[in-house]
Amino acid sequence: MVENHKQWHKKLPFALLGYRTTVRTSTGETPYMLVYGTEAVIPAEVEIPSLRIIQEAELSDAEWIKSCYEQLAFIDGKRMNEIGYGQLYQNRMSRAFNKRVKPMQFAPGKLALKKIFPHQDEAKGKFSLKWQGPYLVHRVLRGGVLILAEMDGEGVFYVSPTPLSPYVESVCPKMFLKLFVL
């Protein structure tokens, strides 16, 4: 398309026109339509008039102003429809994404690790630990909220399941030696 990368500024208006007049999947409309309330007139329609351009040319000034006001009133309803369409699109995307997500199941008596967030005092430097624990899951409440306890049974606290990870025992040294010693 462009023979020389130094001529990108000459092609930019065409790229922007294409971007602004292409229907978006997320809204079902073109960005130009949502901003201005009417479809854009592309340069080819100026040279070779389309039916829409011919109809607008035949209108008198009063009729043309009236049609512009109708389009402005129509655009508010169109934007409200787009909000609903956007919400449906987000729901569709989240369903497609969550189809493969497996929720973590925590049961009483199991061990869990708690994530250390960057704003906490324990997170100092890039070589610091990223997880605290292990903690004992004392109880599972409605909505996935967990009651965790220290390993010795002290220090009971509530936590949401999102910053948690199941604790997996590492390979014990005896098993490691059996694997590599002949």
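The values are calculated or read from the model by the stated rules, or taken from the named source; none is laboratory data. All values derive from a computational prediction rather than experimental measurement. Using ideal geometry, Cβ is built from the backbone for each residue, glycine included, and neighbour counts are taken over all protein chains shown. Side chains are part of the model used for accessible areas, which takes the heavy atoms of the whole protein and leaves out ligands, DNA and RNA. Shrake-Rupley method; radii C 1.70, N 1.55, O 1.52, S 1.80 Å.
Of all residues in region 106-127, which are at pLDDT 80 or above and either open to solvent by less than 60 Å² (accessible area, probe 1.4 Å) or in a loop (DSSP other than H, G, I, E, B) (or both)?
Listed by number, the residues that qualify are Phe106, Ala107, Pro108, Gly109, Lys110, Leu111, Ala112, Leu113, Lys114, Ile116.
Do we have any residue at all in region 56-64 that's exposed (fewer than 11 other Cβ atoms within 10 Å of the Cβ), at pLDDT 75 or above and under 31 Å from the mean Cα position of the chain (by Cα)?
No; the residues of region 56-64 include none that is exposed (fewer than 11 other Cβ atoms within 10 Å of the Cβ), at pLDDT 75 or above and under 31 Å from the mean Cα position of the chain (by Cα).
In the list Asp76, Asp121, which residue meets the criterion of being among the acidic types (Asp, Glu) and over 30 Å from Tyr36 (Cβ atoms)?
Result of the check over Asp76, Asp121: Asp121.
Assigned to a loop (DSSP other than H, G, I, E, B) and under 16 Å from Leu164 (Cβ atoms): does that describe Val137?
When the stated conditions are applied, Val137 does not pass them.
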